[in-house]
Amino acid sequence: KGAIAFKDVRFSYDPERPILKGISFEVPAGKTVAIVGPSGAGKSTISRLLYRFYDIQDGSITIDGQDVRDVTQKSLRAAIGMVPQDTVLFNDTVAYNIRYGRPGADDTEVQKAAEIAQIDTFIKQLPDGYETRVGERGLKLSGGEKQRVAIARTILKAPPILILDEATSALDTTTEHEIQSALDKVSENRTTLVIAHRLSTVIGADEIIVLRAGEIAERGTHAGLLAEN
Ligand code: ADP
Ligand code: ADP
């Protein structure tokens, strides 16, 4: 479930300046496709269009064959989980922040999600465990810790589609490896769109699309693209 298809998609924020110049690609259900390219190429715009923050001017975007224009914003949000570059957490407990992914989840489910995201051990060492509050006067979390909370939240939400937006770009190398392995677990068997700057962070993708100035410049597997360049 969650197959994505972009067909001849054209989009501009300003009519004078096209951002996406007719791009087509598919992410088969359960597979991972990475969009790689320099800053300003239009990568984040692709995820915003999938979410329908903006409407495209030409072409079509479908999920499981259904045009996103025929899907309500509410169902789109339920179908798509996003791990953004900078996670902003609520000024509340760590458990609250994780449970936000699925408000009905019980404590065991919250803890299980935290374990998969590899932040459980860290939380248990806090003075009040899961009851420690995140925020200015409470706990200060590092970028990597916040991201793991966001990953745990997404694990609970269990959406068919996952968007990872430059998810590891702001982290040091050690943290990056840990986050990467947590992300690999979340994206397993889930339709995943990864947005990344560097080819080196998307080795496991089923297909890599290189976007330059709103056009698909190259596409292939990690090994294939390395061999060509
Ligand atoms: P990337 O994610 O590859 O860095 P973006 O999709 O964020 O690229 O942006 C592509 C281009 O669109 C950039 O030139 C950017 O300045 C422009 N852009 C992005 N968002 C907006 C917006 N809301 N209004 C106008 N221009 C925008
Ligand atoms: P959740 O998936 O945790 O339920 P929401 O559905 O409320 O979160 O929000 C979806 C995601 O979209 C959030 O992670 C948010 O950071 C991201 N988002 C919000 N506005 C934009 C935007 N203009 N461009 C890209 N991503 C955005």
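The values are calculated or read from the model by the stated rules, or taken from the named source; none is laboratory data. Please read these numbers as outputs of a predicted model, since none were measured by experiment. As a convention, Cβ positions derive from the backbone with ideal geometry for all residues, glycine included, and neighbour counts pool all protein chains shown. Keep in mind that these areas ignore ligands, DNA and RNA; they rest on the heavy atoms of the full protein, side chains included. Shrake-Rupley method; radii C 1.70, N 1.55, O 1.52, S 1.80 Å.
What the table shows:
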| quantity | calculated |
| --- | --- |
| More than 23 angstrom apart: percent of Cα pairs within the chain | 49 |
| Percent RCO, i.e. relative contact order, over the chain, from Cα pairs under 8 Å lying at least 6 residues apart | 30 |
| Sparse-neighbourhood loop sites, GluC sites (Glu not before Pro) in segment 56-138 - DSSP loop, at most 10 other Cβ within 10 angstrom | 136 |
| Among 113, 150, 78: highest mean-square fluctuation, GNM of the chain, C-alpha pairs under 10 Å | 78 |
| With Cα atoms, 0 to 90° folded angle of helix 173-187 axis to the chain main axis | 80 |
| Heavy atoms of residue 140 accessible to a 1.4 Å probe, total area in Å² rounded to 10 | 150 |
| For segment 82-88, Karplus couplings with θ = phi - 60° (6.51, -1.76, 1.60), whole Hz, Gly/Pro x | 10, 10, x, 5, 10, 7, 9 |
| Heavy-atom accessible area order for 222, 177, largest first, 1.4 Å probe | 177, 222 |
| Sequence ranges 151-162, 39-50, ranked by mean other-Cβ count within 10 angstrom, highest first | 151-162, 39-50 |
| Per residue solvent-accessible surface (Å²) - segment 1-71, probe of 1.4 Å | 49 |
| Listed residues 144, 30, 104, most fluctuating in the chain (Gaussian network, C-alpha, under 10 Å) | 104 |
| Portion, in percent, of the accessible area of the chain that falls on carbon or sulfur, probe 1.4 Å | 49 |
